[in-house]
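J.: One structure coming up, written as structure tokens, with questions to follow.
All of the numbers you see were taken from the coordinates with simple rules; none came from a lab. Predicted model, so just to flag it, every value in this text is computed and none were measured. Positions of Cβ are generated from backbone atoms using ideal geometry, with glycine treated the same way; all protein chains shown enter the neighbour counts.
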Amino acid sequence: MTPTTVLLIALGYVAVLLGIAAWSSSASQHQDSETRFFVAGQKAPWYVVAFGMIGASLSGVTFLSIPGWVRDQEWSYMQMVAGYCIGYVIVATVLLPLYYKLKLTSIYGYLGARFGVEAHRTGAGFFILSRVIGASFRLFLVALVLDVLVLEPLCGGATPWTWFGLTTAGILSIIYIYTRTSGMGTVIWTDTLQTACMLLAVVLTIGGILSAGGHSWMDLPHVVSSTGLTDVWVTEDWRASNHWIKHMLAGMFVTIAMTGLDQDMMQKNLACRNLQEAQWNMGTFTVILVGANLLFLTMGALLWMHAQNTAMALPEATDRLYPLVAMGGTLGPALGVAFVVGLLASAFSSADSALTALTTSVCVDVLDTPSLPADRARAIRQRVHLGMAVVLWLVIMAFRAVNDTSVVAALFTVANYTYGPLLGLFAVGMFTTWTPSAKSIPWVCLSAPCLGYGLEQILMGLMDFSFGFALLPVNGLLTAIGLGVISARKGE
């Protein structure tokens, strides 16, 4: 597929997104502009939200990294997914009722009501840091692939920084344009399209590999098992970072923190009409997510099998396996088109909701725009929206200079440290009567991840023990202990 063809596909896809944005804006003109931007007027159909959330949850990380991960980790990622399911039940039954009871626009308003303004802004600050880094990582990965498919062929070699910068700026500009007016009211519908595109690309890839090997879909279980890359449970070495207990605990707490305590994901749930529909949304989303991850892992095993069967030169970076197979021509041009569309969908689906959620958090949690006159609040919100797009671009360009690790591992490593304090804050707020010293809360939340990092390094040196992704709840526990130290219990 030529770079020109890729560009034409991208332009066509962008045109569809802009068309959906125009339709959603016109359909909700009667709603207050700020309510429409933040929570889609709380009129979003729960089943649409559930399906669209898949795209935001999976993003380019799952689309590119998880299939490549199969070679080294096999299907052990399903241990995390099992933990996710437990976490989603907790989110639906514990956190969502709290958020709806308090009628929150930003979930960090709970911390303000419980502990005061310092905790409110500390929680929002950790979310903003987490989401800026996470969204930038995800978009950076997709930009790298587009760099290989389009810019390097056009440049005849390594891409100049200017071209890479213009590509990422172009993607963010498009997202800014179609989310500027209606925000979450548009994202809910665009993410539905993007989830469908991502999953369709995976299904077509699996079908293409089966057909190339002379197999039908009925043969899929046998073909996948023959790859020898489907072991799920890691039970032998309890010190391993992917031991099943660590993975399941990590999956549960990652879900509670990165979904239940994350403004990006919860903002979609708060767009539902009522609590019951939001809970239906979470249940449906969980079922679809499990199926989607099974699809991606299945595709990963088949991709490695196909690469070996065709004597393909294997990439050093496993993130590039899927692009090489899809664009290599061995499975036909239609798969190349599906891959490009799925890749674009993975880029836009995570970045548009992240940009909207970041804007919401800065406006509501930091600047308190709901207390301002409507015209002034809208003007500030639009400036913040543009400013956050610029911040994402700057972070992506920084990653361009220092990227030297797996995007998946980097994303979750960052989450272990930035979401841990949020977990500790909400846990203490909901399950204790402690009243921490307000001025000390930010210092505890900053100190806990540092202590977690030090503890991890000590244990690695003494007994080669790693918390792995379970470091997130460890940091949450350290935060809770610190809040206990600075607390005076009520009634004492």
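J.: So how many Lys-Lys pairs in the chain land under 25 Å Cα to Cα, not counting same-chain pairs under 8 apart? Before the final figure, lay out the partial values.
T.: Details: Lys43/Lys101; Lys43/Lys103; Lys43/Lys268; Lys101/Lys268; Lys101/Lys490; Lys103/Lys268; Lys439/Lys490.
Eligible lysine pairs with Cα atoms under 25 Å apart amount to 7.
J.: To the nearest 0.05, how large is the calculated FRET efficiency for Leu275 and Ser371 if R₀ is 41 Å and r is the Cβ-Cβ distance?
T.: Computed FRET efficiency for Leu275 and Ser371: 0.95.
J.: Based on DSSP H assignment, which helices of the chain show an axial Cα extent of at least 30 Å together with a mean Kyte-Doolittle hydropathy greater than or equal to 0.5? Please report the intermediate quantities before stating the final value.
T.: Numbers: long enough: 3-27 (36 Å, 1.65); 117-146 (43 Å, 1.32); 184-212 (42 Å, 1.50); 275-309 (51 Å, 0.72); 333-361 (43 Å, 1.30); 374-402 (42 Å, 0.86); 441-463 (33 Å, 1.23).
Membrane-span-like by this criterion, though nothing is claimed about a membrane: 3-27, 117-146, 184-212, 275-309, 333-361, 374-402, 441-463.
J.: Mind ordering 14-26, 432-444, 342-354 by average Cβ neighbours within 10 Å, highest first? Walk me through the numbers on the way to the answer.
T.: Values: 14-26: 15.4, 432-444: 16.9, 342-354: 27.9.
Highest mean packing first, the order is 342-354, 432-444, 14-26.
J.: Can you grab the distance from the C-alpha centre of the range 47-120 to the C-alpha centre of the range 423-492, Å, no decimals?
T.: Measuring centre to centre over Cα atoms gives 20 Å.
J.: Here's a follow-up. Could I get the Rg over Rh figure for the range 99-215? Both from C-alpha atoms, Rh via Kirkwood, rounded to two places. Mind dumping the intermediate values first?
T.: Numbers: Rg = 20.4 Å, Rh = 18.3 Å.
Rg divided by Rh gives 1.12.
J.: For the chain, what is the convex hull volume of its Cα atoms per residue in Å³?
T.: Taking only Cα atoms, the chain has a hull volume of 147 Å³ per residue.
J.: Fully extended, how many nm does the chain gain between Val290 and Tyr47 (0.36 nm per residue separation, minus their Cα-Cα distance)? Write down the numbers at each step before the final one.
T.: Working: separation 243, 0.36 × 243 = 87.48 nm, distance 1.63 nm.
Here the answer is 85.8 nm.
J.: Sticking with this one: Tell me which trypsin sites (Lys or Arg not before Pro) from the range 86-192 have a DSSP coil assignment and no more than 13 other beta carbons within 10 Å of their own. Provide the component values of the computation, followed by the final result.
T.: On the way: sites: Lys101, Lys103, Arg114, Arg121, Arg131, Arg138, Arg180; in loops: Lys103, Arg180.
Taking the range 86-192 and a limit of 13 other Cβ atoms within 10 Å, the loop trypsin sites (Lys or Arg not before Pro) found are Lys103.
J.: For the range 256-356, how big is the tail of P(r) above 21 Å, as a whole percent of Cα pairs?
T.: It works out to 51 percent of all Cα pairs.
J.: Kindly write out, for the range 106-114 in residue order, the coupling ³J(HN,Hα) from the Karplus curve 6.51 cos²θ - 1.76 cosθ + 1.60 (θ = phi - 60°), rounded to whole Hz, with x marking Gly and Pro.
T.: Running phi through 6.51 cos²θ - 1.76 cosθ + 1.60 with θ = phi - 60° gives 10, 5, 6, x, 4, 5, x, 5, 8 Hz.
J.: Quickly estimate the mean residue ellipticity at 222 nm for the chain, helices only: each DSSP H run with n ≥ 4 gives -39500 (n - 2.57), and the total goes over all residues, rounded to 500.
T.: Working: 22 runs with 353 residues, N = 492.
Rounded to the nearest 500, the figure is -24000 deg cm²/dmol.
J.: Given a cut-off of 22 Å, what percent of all Cα-Cα pairs of the range 62-164 lie beyond it? Walk me through the intermediate numbers first.
T.: Working: 3176 of 5253 pairs.
Summing the P(r) of the range 62-164 above 22 Å gives 60 percent of all pairs.
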